[in-house]
Amino acid sequence: YNIGGHNELANIDVVRTVCAILDRLRPRADGRPYAEQISSVADRPGHDKRYAIDATRIGDELGWTPAETFATGLEKTVRWYLDNDAWWRPLVEEKAAERRGIAA
């Protein structure tokens, strides 16, 4: 089954939403919006502009519906990362010297 929230958003819209959540929950020290840090990069072959999952089958066959909206689930996710940086920060720092996002 595909499990999704019946949403189809462009990646930039997801990024802007994360920035807005951060503006509310942990404003930057300089008071400027996080969205000012967004910059575009050249597209790569196969680079997705959006993600869409058709969750019709799980709803039809099992009666499943999401308990969260995209907005509430994303905010909970951002809050988790803000509250648990002692868990994830060492992992990021360990990999900081490696190149990310580029296929070999």
(request) Select from the range 8-30 the residues that are of a type in the set (Val, Ile, Thr) and either more than 16 Å from the chain's Cα centre (by Cα) or open to solvent by 70 Å² or more (accessible area, probe 1.4 Å) (or both) and list them in ascending order. (result) none
(request) Within the range 20-53, count every residue that is in a loop (DSSP other than H, G, I, E, B), touching a residue at least 24 places away in the same chain (Cβ under 8 Å) and either in contact with a Phe, Trp or Tyr (Cβ under 7 Å, 6 or more places away or on another chain) or of a type in the set (Phe, Trp, Tyr) (or both). (result) 0
(request) May I ask you to verify whether Thr65 is within 21 Å of Asn2 (Cβ to Cβ) and part of a loop (DSSP other than H, G, I, E, B)? (result) yes
(request) Could you please find all residues in the range 32-72 being open to solvent by less than 60 Å² (accessible area, probe 1.4 Å) and in contact with a Gly (Cβ under 7 Å, 6 or more places away or on another chain)? (result) Ala55, Pro66
(request) Give me the pairs, please: first residue somewhere in the range 69-81 and over 21 Å from Leu91 (Cα atoms) and in contact (Cβ under 8 Å) with a residue 12 or more places away in the chain, second residue anywhere and of a type outside the set (Val, Ile, Thr) and part of a loop (DSSP other than H, G, I, E, B), beta-carbon distance under 7 Å, and either six or more positions apart or on two chains. (result) Thr69/Gly5; Phe70/Gly5; Phe70/Asn7; Gly73/Gly5
(request) State whether the residues of the range 72-80 include one that is touching a strand residue (DSSP E or B) at 6+ places or on another chain (Cβ under 8 Å) and of a type in the set (A, V, I, L, M). (result) no
(request) Determine, yes or no, whether Gly5 is in contact with a Ser or Thr (Cβ under 8 Å, 6 or more places away or on another chain), at pLDDT below 95, surrounded by 12 or more Cβ atoms within 10 Å (Cβ to Cβ) and in a loop (DSSP other than H, G, I, E, B). (result) yes
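The values are calculated or read from the model by the stated rules, or taken from the named source; none is laboratory data. Being a predicted model, the structure only gives us computed values, none of them experimental. Every residue, glycine as well, gets a Cβ built from its backbone with ideal geometry; the counts of neighbours run over all protein chains shown. Protein only, heavy atoms only, side chains kept; ligands, DNA and RNA dropped before computing areas. Shrake-Rupley method; radii C 1.70, N 1.55, O 1.52, S 1.80 Å.
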